[in-house]
1. Could you say which residue among A:Glu226, A:Glu202 is open to solvent by 70 Å² or more (accessible area, probe 1.4 Å), facing chain B (nearest Cβ under 10 Å) and within 17 Å of B:Val43 (Cα to Cα)?
2. Just to verify a result, which residue in the stretch B:131-166, among those that are facing chain A (nearest Cβ under 8 Å), in a helix (DSSP H, G or I) and hydrophobic (A, V, I, L, M, F, W, C), is surrounded by the fewest Cβ atoms within 10 Å (Cβ to Cβ)?
3. Any chance you could count how many residues in the stretch B:128-161 are of a type in the set (Val, Ile, Thr) and closer than 20 Å to B:Lys54 by Cα?
4. Residue by residue through the stretch B:150-178, note down the ones that are among the basic types (Lys, Arg), out of contact with any Lys or Arg (no Cβ under 9 Å at 6 or more places or on another chain) and farther than 16 Å from B:Cys80 by Cβ.
5. Hey, can you tell me all the residues within the stretch A:112-161 that are more than 26 Å from B:Lys7 (Cα to Cα) and among the small types (Gly, Ala, Ser)?
6. Name the single residue, out of those in the stretch A:193-244 being part of a loop (DSSP other than H, G, I, E, B) and within 27 Å of A:Glu147 (Cβ to Cβ), that is farthest from the chain's Cα centre (by Cα).
7. Which residue is least open to solvent (accessible area, probe 1.4 Å), if the candidates are limited to the stretch A:4-23 and must be more than 20 Å from B:Ala37 (Cβ to Cβ) and polar (S, T, N, Q)?
8. Going through the stretch B:167-184 one residue at a time, which ones are outside any helix (DSSP H, G or I) and without any contact (Cβ under 8 Å) to a residue 60 or more places away in the chain?
Number of protein chains: 2
Amino acid sequence: MNEIIGKLLEHRSIRSYTAQPVSEEQIRAIVGSAQAASTSSFVQAYTIIGIKDKARRTRLSELAGNQKHVEDCPLLLIFCLDLHRSELCAAMEGIGPDRTRDSLESTEQYTVGVVDAALAAQNAAVAAESMGLGICYIGGLRNKPREVAELLKTPERVVPLFGMTVGYPAKPSAAKPRLPLEAVYSEETYWTEESEIRGRLEKYNEVIAEYYRERTGGARAERWTEQMGNRLAKPNRLDWKDYLASRKLPLN
Amino acid sequence: MNEIIGKLLEHRSIRSYTAQPVSEEQIRAIVGSAQAASTSSFVQAYTIIGIKDKARRTRLSELAGNQKHVEDCPLLLIFCLDLHRSELCAAMEGIGPDRTRDSLESTEQYTVGVVDAALAAQNAAVAAESMGLGICYIGGLRNKPREVAELLKTPERVVPLFGMTVGYPAKPSAAKPRLPLEAVYSEETYWTEESEIRGRLEKYNEVIAEYYRERTGGARAERWTEQMGNRLAKPNRLDWKDYLASRKLPLN
């Protein structure tokens, strides 16, 4: 194992930061690394908004369901799907909206933009961690997408997908054990016997229950399948589709 | 700039590979690194299928629009959105399909899965490159999703999103210059003046035209906005939504 893989395996989400700011040079290294990631057909269909202003982070923290670390981190990066810039490219070439609408409003194009934004974000995370910074992804911005968009002044066809808090870790945190490799990696085809998957999930349930037990002095011993099942039974953000449609992304 | 950021900035897609295989140990390091990426609400909503069989890669190469490197690489990884496993978790906890359908069929859950798969993939890319391997993302698998799914035996609610070829580079390749940082990174809000974005795109157009001119001895000097505009004017994969619906992912 080399040093880079060692760092990747060491990743854990950091939710508590010191007051030390992230420097301009660090921001440039993080964003430059994000941009170096692959991009589907070279579209670079994302924009990153960096928030340093405390009042704005306080508001975003509330909108994300009172996640205190959004307020307390020195830098919040917001990764947006950006098809507005793509549309502008076409306009600059004299290609009118009638000729680009089918592409821009398609589920395919949304998928491309979400993938592009996420690839960029993960490179940003790796770059930040390589400099001793910690990060945490914030999906909670999708709870109140209209309010977030208003605050960030994003135009139509630009959608804030998720945030990332960045800063120096104040407290260490533990990495959560992942699914056994054999439960996420299969060769040649998907698993043909469901019992194979089930068996691995049952084994993993014990690992996760033990992980919680250790960390809570026995107060909590949730199984992973229990967490996942309960989560699915409480549908979340069912209005995300309507929100996208309201921003001229009907996902046709 | 540290070594890790240096490696990230060095990234370029590799489309030509030597015959040297990717070892089992390397595959485990790549998949392990993928798994170490953040995952939304701990759902780990993806599965990676590794294809070593040449005949299967030949077929996938055809399906992806005759991308020769899909056939020629020693290892093809296919990143799938996997909500089948999530559903199985619920079933294992006695939570029936009526209680999980709204979540599983939502645009939100699709978005979570696409982000999870892409974060994992980018960690896989970084890990592979750290070991001297080269990679190339393959979006072309979405051209013929039904045929790809049949070949990979993916069940309902599992969708092959994109591939990644992996192997030792046979030929060096050049990194394509990215948008200027100021065209993808904004502070506090999205840019309020469209002319700011336009000016940066015009400057970038010159960079890209020069890049193509140099590499083609003057035969090609395409602007970036021209590429993007032309691409949008030719809608692609408009049936992706219908395909998703046919796999019980109607994106409600």
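The values are calculated or read from the model by the stated rules, or taken from the named source; none is laboratory data. Treat the numbers as computed from the prediction; the structure is a model and nothing was measured. Here the Cβ is made from the backbone with ideal geometry for all residues, glycine too, and neighbour counts use every protein chain on show. Calculation scope for accessible area: heavy atoms of the full protein, side chains included, ligands and nucleic acids excluded. Shrake-Rupley method; radii C 1.70, N 1.55, O 1.52, S 1.80 Å.
1. Numbers: A:Glu226 fails: open to solvent by 70 Å² or more (accessible area, probe 1.4 Å).
Residue meeting the stated conditions: A:Glu202.
2. Once the filter is applied, the top-ranked residue is B:Leu151.
3. Of the stretch B:128-161, the ones of a type in the set (Val, Ile, Thr) are B:135, B:138, B:148, B:154, B:158-159.
Cutting the leftovers down to closer than 20 Å to B:Lys54 by Cα gives us B:135, B:138, B:148, B:154.
Final tally of qualifying residues: 4.
4. As a first pass, look at the stretch B:150-178 and keep what is among the basic types (Lys, Arg): B:153, B:157, B:171, B:176, B:178.
Next cut, out of contact with any Lys or Arg (no Cβ under 9 Å at 6 or more places or on another chain) only: B:153, B:178.
Answer for the stretch B:150-178, where residues must be among the basic types (Lys, Arg), out of contact with any Lys or Arg (no Cβ under 9 Å at 6 or more places or on another chain) and farther than 16 Å from B:Cys80 by Cβ: just B:Arg178.
5. From the stretch A:112-161, those more than 26 Å from B:Lys7 (Cα to Cα) are A:138-161; that's our starting set.
The answer is A:Gly139, A:Gly140, A:Ala149.
6. Of all residues in the stretch A:193-244, those part of a loop (DSSP other than H, G, I, E, B) come to A:193, A:217-223, A:234-239.
Add one more test, that the residue is within 27 Å of A:Glu147 (Cβ to Cβ), and what stays is A:234-239.
Details: A:Lys234: 21, A:Pro235: 19, A:Asn236: 16, A:Arg237: 15, A:Leu238: 18, A:Asp239: 19 Å.
Across the stretch A:193-244, the extreme among qualifying residues is A:Lys234.
7. Pass one, the stretch A:4-23, residues more than 20 Å from B:Ala37 (Cβ to Cβ): A:16-23.
Filter once more, so that each one left must be polar (S, T, N, Q): A:16, A:18, A:20, A:23.
Working: A:Ser16: 33, A:Thr18: 49, A:Gln20: 97, A:Ser23: 51 Å².
Looking at residues that are more than 20 Å from B:Ala37 (Cβ to Cβ) and polar (S, T, N, Q), I get A:Ser16.
8. Going residue by residue through the stretch B:167-184, those that are outside any helix (DSSP H, G or I) are B:167-180.
Within the stretch B:167-184, B:Pro172, B:Pro177, B:Arg178, B:Leu179, B:Pro180 qualify.
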